[in-house]
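Let me begin by presenting the structure, written as structure tokens, before commenting on it.
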Amino acid sequence: MSISIRQLTPIFAGEVTGVDITKPLSPDDVKAIEAGMDRHAVLVFHGQALTDEQQQAFSRNFGPLEDARGGNITKAADKRLGEGMNDVSNLGKDGKPLPKDSRQHLFNIGNMLWHSDSSFRAIPAKYSLLSCRVLNEKGGNTEFADMRAAYDDLDADTKAEIDGMIAEHSLMYSRGSLGFLDYTEDEKKMFKPVRQSLVRTHPVSGRKSLYLSSHAGGIIGMSMPEARILLRDLTEHATQPKYVYVHKWQRHDLVMWDNRQVLHRVRRYDASQPRDMRRTTVAGNTMTTAQAEAA
Ligand code: OGA
Ligand code: MN
């Protein structure tokens with residue numbers, strides 16, 4: 001069996017066949033997948049009935065997993081999944097859909113905004129790998145937008161204007177934009193803004209991309225309204241349908257994406273029915289810019 005990749009849109013995203021990712025991979029398979037990620041930025045694998053352990057083992061082929069602490073408001077005692085798994089389902093520890101008014105449910109709605117995973121961390125994520133364990137029948141597509149193509153298509157003036165700009169990212173900005181404004185003192189500390197370059201360069205391909213995210217809520221040296229309008233304009237440009245791949249889930253799909261090159265969001269779905277999606281996250285290895293000195 002050898003890996004082949006079929007491109008899914010005119011510009012990016014690929015469907016991978018010829019590999020069983022529930023089993024250990026050969027070094028050649030790992031190389032082929034990595035090369036596919038560098039080129040396509042999103043890869044889709046069908047029919048992969050993974051356990052959490054198998055998903056973690058597959059993910060570790062691409063680097064150490066990110067430490068998930070600090071990324072949400074769920075208390076350790078309320079977590080449904082073990083360490084190393086990011087729970088992006090709509091389920092509570094009892095396996096049932098979270099009540100509509102639960103804080104966890106309201107916080108998770110933030111995944112419906114265009115974002116890049118962990119852009120609120122000083123060292124943001126490299127890859128995310130999302131496995132569909134229980135399909136939700138109504139809605140719930142995940143959409144991806146190619147930030148390289150979006151950058152390439154900016155006019156020269158805009159490229160010059162944003163060159164060297166540094167944005168501030170925090171979970172409080174993304175959630176705040178949805179009216180989720182109440183945080184404990186501990187959460188405020190945990191969600192302290194970090195700095196990210198607005199334009200980043202891929203370490204392998206050398207391609208530049210826009211590094212946007214719903215978590216971005218300011219730009220260093222700019223007033224907040226000016227910064228937010230600029231970020232909003234850039235995001236509107238970068239998420240036009242011509243830059244987007246829409247993934248319609250089947251049970252046991254695994255989709256992996258490069259957070260350095262794409263934005264993603266999930267669309268609304270039937271929150272009264274289960275949607276069990278489990279993510280592993282491969283850690284990044286570098287900051288995109290220096291952080292501010294601690295006060
Ligand atoms: C994620 C995410 C979208 C989805 O896992 O990072 O944003 O489809 N998930 O659940
Ligand atoms: Mn996400």
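Where a number appears in this text, it was derived from the coordinates with a stated rule and is not lab data. What you see is a predicted model; the values in this text were computed from it and never measured. With ideal geometry, Cβ positions are generated from the backbone for all residues, glycine too; neighbour counts draw on all protein chains shown.
Odds and ends about this structure:
- Considering region 32-73, and only residues there that are under 16 Å from residue 277 (Cα atoms) and β-branched (Val, Ile, Thr), the residue that is surrounded by the most Cβ atoms within 10 Å (Cβ to Cβ) turns out to be 44.
- Residues located in region 246-290, provided they are more than 11 Å from the chain's Cα centre (by Cα), among the basic types (Lys, Arg) and part of a loop (DSSP other than H, G, I, E, B): 248, 251, 267, 268, 275
- Count of region 5-62 residues which are of a type in the set (Gly, Ala, Ser) and in contact (Cβ under 8 Å) with a residue 60 or more places away in the chain: 5
- Out of 289, 235, 201, sole residue that is surrounded by fewer than 22 Cβ atoms within 10 Å (Cβ to Cβ) and within 16 Å of ligand 2 (Cβ to nearest atom): 235
This table checks each residue for (1) surrounded by fewer than 19 Cβ atoms within 10 Å (Cβ to Cβ); (2) among the aromatic types (Phe, Trp, Tyr).
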| position | (1), (2) |
| --- | --- |
| 214 | no, no |
| 218 | no, no |
| 249 | no, yes |
| 252 | yes, no |
| 255 | no, no |
| 274 | yes, no |
| 284 | no, no |
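- Unmet requirement for residue 126, which otherwise passes all of (1) basic (Lys, Arg); (2) closer than 23 Å to residue 62 by Cβ; (3) more than 12 Å from ligand 1 (Cβ to nearest atom); (4) surrounded by fewer than 22 Cβ atoms within 10 Å (Cβ to Cβ): (4)
- Applying a threshold of 6 Å to beta carbon distances and a minimum spacing of six or more residues, or different chains, the list of pairs starting in region 128-139 at a residue that is within 17 Å of residue 264 (Cβ to Cβ) and touching a residue at least 24 places away in the same chain (Cβ under 8 Å) and ending at one that is within 16 Å of ligand 2 (Cβ to nearest atom) and of a type in the set (D, E, K, R) reads 128/117; 128/279; 130/279; 131/278; 132/253; 136/275; 139/267; 139/268.
Residue-wise test of (1) over 26 Å from residue 212 (Cα atoms); (2) within 16 Å of ligand 2 (Cβ to nearest atom); (3) more than 19 Å from the chain's Cα centre (by Cα); (4) assigned to a helix (DSSP H, G or I).
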| site | (1), (2), (3), (4) |
| --- | --- |
| 32 | yes, no, yes, yes |
| 37 | no, no, no, yes |
| 54 | yes, no, yes, yes |
| 110 | no, yes, no, yes |
| 123 | no, no, no, no |
